[in-house]
Amino acid sequence: MLKSTLSILAGAGVLALAGFGIYAYHSPYAVEPPSARPAFDPAQVEQGRILAAAGYCATCHTAAGGAPYAGNFPVTTDFGTIYASNITPDPETGIGNWSKAAFRRAMHEGVDREGRHLFPAFPFDHFTKMTDADVDAVYAYLMTEVAPVKEATQAPTIPFPLNQRILQAGWKLLFVDFGRYADDPSKSAEWNRGAYLVEGVTHCGACHTPRNKVGAEEKSARFAGATIDAWSAPALTAANPSAVPWTAADFTRYLSTGAGTYHGIAAGPMAPVVHAGLRELPESDLTAIGVYLGNVVGAPEADPAASPAVQASLAAGRPDPAWRADEGERLYATACAACHYNAESIVAERPELGINSSTRLDDPSNLIHVILDGVSSAEGTPGVVMPAFRDALSDQQIAAIAAYLRDKRADLAPWTDLETRVAQIRAHQGTH
Ligand code: HEC
Ligand code: HEC
Ligand code: HEC
């Protein structure tokens, strides 16, 4: 009896393995040399250029100082480093030999031309939402406008057995909802357009949604905020700690310019998302993203200038005789106040730090990054610069300024272990 139960179990195991094998197996697509490819319609190529920008393909697929799309940009994960592939049309080391069908399968299913599973450091879990027409446009753009570059992609540093690509099939089975975006008929066309862009090509959740232990986005905590490269990507839900609630119009403004008068600026990993990405989208698409996110957060439109939080912040920033009571205030008064003092109303180019996102997040990382390294003219508002204080201020002084801004200006629960955090971020070698 026991024996037959065991053999049934073993039989079931073999069947399950065979089933998994069938699920995991993907046949290779035949090589399609570039000469076999017909010319693409210029309108399709242009559409592809915009979508490639909105999907930040170049941000991940270009190494520092490397040729565009030639790969080898290191994507670091808890399991090791995965180098983004060469996706130039070079037939040998890039994707020059890939047919349209092979490219669609990579984007929609995370499987390469030869049938190997790709690691989800490549956000195919979002690109699976893109329409065939949009994926084909990206293909047309890469094959036409990108110069072929011969450069072999480095192997990932993931240790055995996790480096076995077949295991990715299990990960996909557990965590990925494959399939194109389906319209929600109860919502407007504009909302659906925004949702399509956010969930698919622009993959906001890849940074703004926390991940579980095996690196998959937590579906139950969508947009709840996460840490990326030692920066905090804030919650894009009602849990966002903003003093002035985000509205659809605020989102659109921030995403098209990189700066929001009442929240802050894109200075870290968000900077290329705006400047190398979203800004290429037509205005109607940025408005649609704003409408969708405004609905996720759920704040009605209101005049932010009249907000009591804004008035309180302006009042707290006004110099008064008792102002230099502690070290943080004194340092702030000499190093920062000249540029960050707003008299009557707030100007985007002169962030009001009492309501700035970096002082309101539970994690002080973003504020510390900005004080250490400033904001270059290419980040935040184009052409506007905030100086770096890395060499001018000690860890202890930066911690004192941060504590002052948090306790006295944002008026929120104090941050702990600030000095240690400043030292860590000073030593951090980020890719941003
Ligand atoms: C967050 C970083 C990131 C972004 C953004 C990204 N990729 Fe990738 N991509 C990767 C990584 C890493 C790999 C390698 C995965 C692996 O080795 O398993 C990859 C692999 C690929 C591959 C497979 C290539 C091959 O030779 O196997 C294709 C095709 C691809 N990406 C296209 C794109 C396109 C098109 C976009 C923009 C719409 C894009 N990627 C955006 C990180 C990224
Ligand atoms: C020379 C003028 C100047 C000085 C001095 C200065 N800042 Fe700034 N700061 C700016 C400008 C300009 C911006 C906005 C940059 C942009 O929009 O691209 C900015 C942005 C910021 C931001 C916003 C970051 C975000 O993500 O929204 C913070 C925080 C900040 N500064 C803190 C400080 C602190 C703290 C000091 C003192 C240690 C300081 N600044 C000194 C000009 C200055
Ligand atoms: C590569 C990671 C990454 C991606 C992709 C990304 N973000 Fe961000 N985002 C961040 C980080 C980190 C910050 C914090 C500020 C910074 O980097 O300057 C941020 C800041 C923001 C803010 C400001 C929040 C606040 O409270 O100040 C908004 C709004 C935002 N992102 C929206 C989006 C949207 C919408 C998308 C998709 C279209 C997106 N982000 C894609 C990393 C990312």
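Residues are listed down the side, and each one gets a yes or a no for (1) more than 16 Å from ligand 3 (Cβ to nearest atom); (2) in a helix (DSSP H, G or I); (3) at positive phi:
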| site | (1), (2), (3) |
| --- | --- |
| THR76 | no, no, no |
| ASN86 | yes, no, no |
| ARG105 | yes, yes, no |
| PRO120 | no, no, no |
| THR153 | yes, no, no |
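Only one of THR420, THR381 is surrounded by fewer than 21 Cβ atoms within 10 Å (Cβ to Cβ), part of a loop (DSSP other than H, G, I, E, B), of a type in the set (Ser, Thr, Tyr) and out of contact with any His (no Cβ under 6 Å at 6 or more places or on another chain); which?
Values: THR420 fails: part of a loop (DSSP other than H, G, I, E, B).
Among THR420, THR381, only THR381 is surrounded by fewer than 21 Cβ atoms within 10 Å (Cβ to Cβ), part of a loop (DSSP other than H, G, I, E, B), of a type in the set (Ser, Thr, Tyr) and out of contact with any His (no Cβ under 6 Å at 6 or more places or on another chain).
Among the residues of the range 92-103, which ones are over 23 Å from LEU173 (Cβ atoms) and either in contact (Cβ under 8 Å) with a residue 60 or more places away in the chain or part of a strand (DSSP E or B) (or both)?
THR93, GLY96, ASN97, TRP98, SER99
Just to verify a result, which residue in the range 80-110, among those that are among the acidic types (Asp, Glu) and farther than 21 Å from PHE178 by Cβ, is surrounded by the most Cβ atoms within 10 Å (Cβ to Cβ)?
So the residue we want is ASP90.
Kindly indicate which of ARG180, ARG222, ARG165 is basic (Lys, Arg) and under 17 Å from MET130 (Cβ atoms).
On the way: ARG222 fails: under 17 Å from MET130 (Cβ atoms); ARG165 fails: under 17 Å from MET130 (Cβ atoms).
Answer to the check: ARG180.
Does the range 327-362 hold any residues that are in a loop (DSSP other than H, G, I, E, B), out of contact with any Pro (no Cβ under 9 Å at 6 or more places or on another chain) and open to solvent by 40 Å² or more (accessible area, probe 1.4 Å), and which are they?
Within the range 327-362, ALA343, GLU344, SER345, VAL347, GLU349, ARG350 meet the criteria.
Which residue out of LEU314, LEU286, LEU281 is within 16 Å of ligand 1 (Cβ to nearest atom), over 23 Å from ASP229 (Cβ atoms) and either modelled with pLDDT of 85 or more or hydroxyl-bearing (Ser, Thr, Tyr) (or both)?
Of the residues listed, the single one that is within 16 Å of ligand 1 (Cβ to nearest atom), over 23 Å from ASP229 (Cβ atoms) and either modelled with pLDDT of 85 or more or hydroxyl-bearing (Ser, Thr, Tyr) (or both) is LEU281.
Within the group VAL310, VAL291, VAL274, which residue is surrounded by 17 or more Cβ atoms within 10 Å (Cβ to Cβ), part of a helix (DSSP H, G or I) and without any contact (Cβ under 8 Å) to a residue 40 or more places away in the chain?
Testing whether each residue is surrounded by 17 or more Cβ atoms within 10 Å (Cβ to Cβ), part of a helix (DSSP H, G or I) and without any contact (Cβ under 8 Å) to a residue 40 or more places away in the chain leaves just VAL274.
Looking at GLY215, GLY260, GLY194, which one is in contact with a Phe, Trp or Tyr (Cβ under 8 Å, 6 or more places away or on another chain), of a type in the set (Gly, Ala, Ser) and within 16 Å of ligand 1 (Cβ to nearest atom)? Don't jump to the end; show me each part of the working.
Values: GLY260 fails: within 16 Å of ligand 1 (Cβ to nearest atom); GLY194 fails: within 16 Å of ligand 1 (Cβ to nearest atom).
It is GLY215.
Conditions (1) within 7 Å of ligand 1 (Cβ to nearest atom); (2) open to solvent by 40 Å² or more (accessible area, probe 1.4 Å); (3) in contact with a Cys (Cβ under 8 Å, 6 or more places away or on another chain), marked per residue:
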position: ARG49; (1), (2), (3): no, yes, no
position: ALA54; (1), (2), (3): no, no, no
position: THR59; (1), (2), (3): yes, yes, no
position: ALA64; (1), (2), (3): no, yes, no
position: PRO68; (1), (2), (3): no, yes, no
position: ASN72; (1), (2), (3): no, no, no
position: ASP78; (1), (2), (3): no, yes, no
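Restricting attention to the range 253-271, which residues are crowded, with 23+ Cβ neighbours inside 10 Å and in contact with a Ser or Thr (Cβ under 6 Å, 6 or more places away or on another chain)?
Of everything in the range 253-271, those that are crowded, with 23+ Cβ neighbours inside 10 Å and in contact with a Ser or Thr (Cβ under 6 Å, 6 or more places away or on another chain) turn out to be HIS263, GLY264.
Take GLY317 and decide whether it is under 30 Å from ASP373 (Cα atoms), touching a Gly at 6+ places or on another chain (Cβ under 9 Å) and either open to solvent by 70 Å² or more (accessible area, probe 1.4 Å) or assigned by TED's automatic domain parsing to the domain that holds THR202 (or both).
Numbers: under 30 Å from ASP373 (Cα atoms): yes; touching a Gly at 6+ places or on another chain (Cβ under 9 Å): yes; either open to solvent by 70 Å² or more (accessible area, probe 1.4 Å) or assigned by TED's automatic domain parsing to the domain that holds THR202 (or both): no.
No, not satisfied.
Just one of (1) surrounded by 10 or more Cβ atoms within 10 Å (Cβ to Cβ); (2) free of Cβ contacts under 8 Å to residues at least 40 places away in the same chain; (3) more than 18 Å from THR88 (Cα to Cα) trips up ILE22, so point out which.
Exception for ILE22: condition (1).
Going by what's in this entry, would THR237 be described as surrounded by fewer than 20 Cβ atoms within 10 Å (Cβ to Cβ), touching a residue at least 12 places away in the same chain (Cβ under 8 Å) and polar (S, T, N, Q)?
Values: surrounded by fewer than 20 Cβ atoms within 10 Å (Cβ to Cβ): yes; touching a residue at least 12 places away in the same chain (Cβ under 8 Å): yes; polar (S, T, N, Q): yes.
Against the criterion (surrounded by fewer than 20 Cβ atoms within 10 Å (Cβ to Cβ), touching a residue at least 12 places away in the same chain (Cβ under 8 Å) and polar (S, T, N, Q)), THR237 qualifies.
Scanning the range 231-243 for residues that are small (Gly, Ala, Ser) and within 13 Å of the chain's Cα centre (by Cα), which turns out farthest from ligand 2 (Cβ to nearest atom)?
Restricting to residues being small (Gly, Ala, Ser) and within 13 Å of the chain's Cα centre (by Cα), the top hit is ALA235.
Restricting attention to the range 395-410, does a residue exist that is more than 12 Å from ligand 3 (Cβ to nearest atom), open to solvent by less than 20 Å² (accessible area, probe 1.4 Å) and in a loop (DSSP other than H, G, I, E, B)?
For the range 395-410, residues more than 12 Å from ligand 3 (Cβ to nearest atom), open to solvent by less than 20 Å² (accessible area, probe 1.4 Å) and in a loop (DSSP other than H, G, I, E, B): absent.
The values are calculated or read from the model by the stated rules, or taken from the named source; none is laboratory data. Just so it is clear, the structure is predicted and the values come from calculations on it, not from any experiment. Reconstructed Cβ throughout: ideal geometry from the backbone, glycine too, with neighbour counts over all protein chains shown. The accessibility values were calculated without ligands, DNA or RNA, using every heavy atom of the protein model including side chains. Shrake-Rupley method; radii C 1.70, N 1.55, O 1.52, S 1.80 Å.
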